[in-house]
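The values are calculated or read from the model by the stated rules, or taken from the named source; none is laboratory data. Computed from a predicted model, the values in this text were never measured in an experiment. In this analysis, Cβ positions are derived from the backbone assuming ideal geometry, glycine residues included, and neighbour counts consider all displayed protein chains.
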Amino acid sequence: MRFTFVTLFEGLVRGYFGDSILKRGVEKGLLRYDFVNPRDYAKNRHKKVDDTAAGGGAGMVMMPQPLDDALAAVRAASAGAHIVFPSPVGKPFTQKDARRLAKMEHLVFVSGRYEGIDERVIERWADELFSIGDYVLTGGELPSLVMCDAVARLVPGVLGNAESLSAESFETPLLEAPMFTRPKSFHKLSIPSEYLKGNHSKINALKKRLALAKTKYFRPDLYLKFTQRDYDEKSLY
Ligand code: ADE
């Protein structure tokens with residue numbers, strides 16, 4: 001799967017591919033990534049990419065020409081590219097979206113900076129707008145990486161152990177049950193004894209109860225959505 005980051009600040013994004021799972025995904029040939037800098041498309045003498053906001057107001061706006069030309073070039077070279085704009089006004093990005101996007105061949109993340117992007121560029125090129133939460137960041141690079149990470153780990157082969165996908169939070173309607181590793185006792189806190197006895201059906205039953213309790217406590221909104229029917233009918237673990 002290919003990711004293109006359209007950004008003025010390549011360095012903010014590149015580092016994330018330098019280690020761990022995404023790095024291995026690239027080395028295995030499952031993921032590739034590249035960058036497009038709108039500044040390279042600026043036609044004005046000073047390679048300016050921002051301008052004052054029409055109608056006044058604080059801050060600068062990313063002007064349309066450089067970004068529009070950059071996106072036209074991306075599309076011309078890759079007709080099937082799916083263009084995503086991270087934006088606080090987008091729809092909330094969810095695991096379901098990550099699963100859907102993981103099936104695409106080429107995802108393009110367009111990072112805004114300054115106060116925002118001229119709306120006409122969004123109108124002309126955006127296939128989707130996503131928000132990663134109800135707060136405002138200084139630019140689209142972090143949200144792009146957040147979405148890229150969530151998508152990349154779902155590409156078959158990127159995670160070492162395929163099983164680790166099935167029971168985790170948001171892949172089921174519940175948050176994931178607590179996990180432990182050795183030692184059995186740590187600062188006088190012990191692992192629930194059932195986890196250590198090796199009876200997998202009992203362990204799974206306990207995990208299901210713990211997942212339910214954790215969801216109720218941390219995410220009452222998810223818990224309410226989770227009906228008794230889901231609990232009985234779906235094999236969660
Ligand atoms: N750009 C700035 N803040 C953002 C957010 N919360 N989600 C997506 N893109 C953003």
Residue, farthest from the ligand (Cβ to nearest atom), within the stretch 120-169, restricted to residues that are part of a helix (DSSP H, G or I) and small (Gly, Ala, Ser): ALA162
Verdict on GLY116 being within 15 Å of the ligand (Cβ to nearest atom), surrounded by 17 or more Cβ atoms within 10 Å (Cβ to Cβ), under 30 Å from GLY25 (Cβ atoms) and not β-branched (Val, Ile, Thr): no
Single condition LEU174 does not satisfy, out of (1) away from the ligand (no atom under 15 Å from the Cβ); (2) part of a helix (DSSP H, G or I); (3) in contact with a Leu (Cβ under 8 Å, 6 or more places away or on another chain): (2)
Residue in the stretch 178-200 that is closer than 28 Å to ALA73 by Cα and not charged (D, E, K, R) present: no
Test: residue in the stretch 102-109 that is under 30 Å from ALA70 (Cα atoms), surrounded by fewer than 19 Cβ atoms within 10 Å (Cβ to Cβ), more than 16 Å from the ligand (Cβ to nearest atom) and of a type in the set (A, V, I, L, M, F, W, C): yes
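Conditions tested, residue by residue: (1) surrounded by 14 or more Cβ atoms within 10 Å (Cβ to Cβ); (2) at pLDDT 95 or above; (3) under 17 Å from the mean Cα position of the chain (by Cα).
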| site | (1), (2), (3) |
| --- | --- |
| MET1 | yes, yes, yes |
| THR7 | yes, yes, yes |
| LEU30 | yes, yes, no |
| ALA42 | yes, yes, no |
| THR52 | no, yes, no |
Hey, LEU222 touching a helix residue (DSSP H, G or I) at 6+ places or on another chain (Cβ under 9 Å), farther than 30 Å from PHE17 by Cβ and free of Cβ contacts under 8 Å to residues at least 60 places away in the same chain or not: yes
Residues within the stretch 1-50 that are touching a His at 6+ places or on another chain (Cβ under 8 Å) and of a type in the set (S, T, N, Q), tallied: 1
Matching residues in the stretch 7-25 - criterion: being without any contact (Cβ under 8 Å) to a residue 24 or more places away in the chain and farther than 25 Å from ASP68 by Cβ: GLY15, PHE17, GLY18, ASP19, SER20, LYS23
Of the criteria (1) within 30 Å of ARG2 (Cβ to Cβ); (2) of a type in the set (Val, Ile, Thr); (3) out of contact with any Leu (no Cβ under 8 Å at 6 or more places or on another chain), which one VAL158 fails: (3)
Flag for LEU142 being at pLDDT 95 or above and not aromatic (Phe, Trp, Tyr): yes
Among the candidates LYS47, LYS23, residue that is surrounded by fewer than 19 Cβ atoms within 10 Å (Cβ to Cβ) and at positive phi: LYS47
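To keep it simple, each residue is scored yes or no on (1) among the aromatic types (Phe, Trp, Tyr); (2) under 30 Å from GLY160 (Cβ atoms); (3) in contact with a Phe, Trp or Tyr (Cβ under 6 Å, 6 or more places away or on another chain).
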| site | (1), (2), (3) |
| --- | --- |
| MET1 | no, yes, no |
| PHE35 | yes, yes, yes |
| TYR41 | yes, no, no |
| LYS48 | no, no, no |
| ALA53 | no, no, no |
| PRO64 | no, no, no |
| PRO88 | no, no, no |
Hits in the stretch 26-57 - residues which are in contact (Cβ under 8 Å) with a residue 24 or more places away in the chain, under 20 Å from LEU107 (Cβ atoms) and in a loop (DSSP other than H, G, I, E, B): LYS28, LEU30, LEU31, ASN37
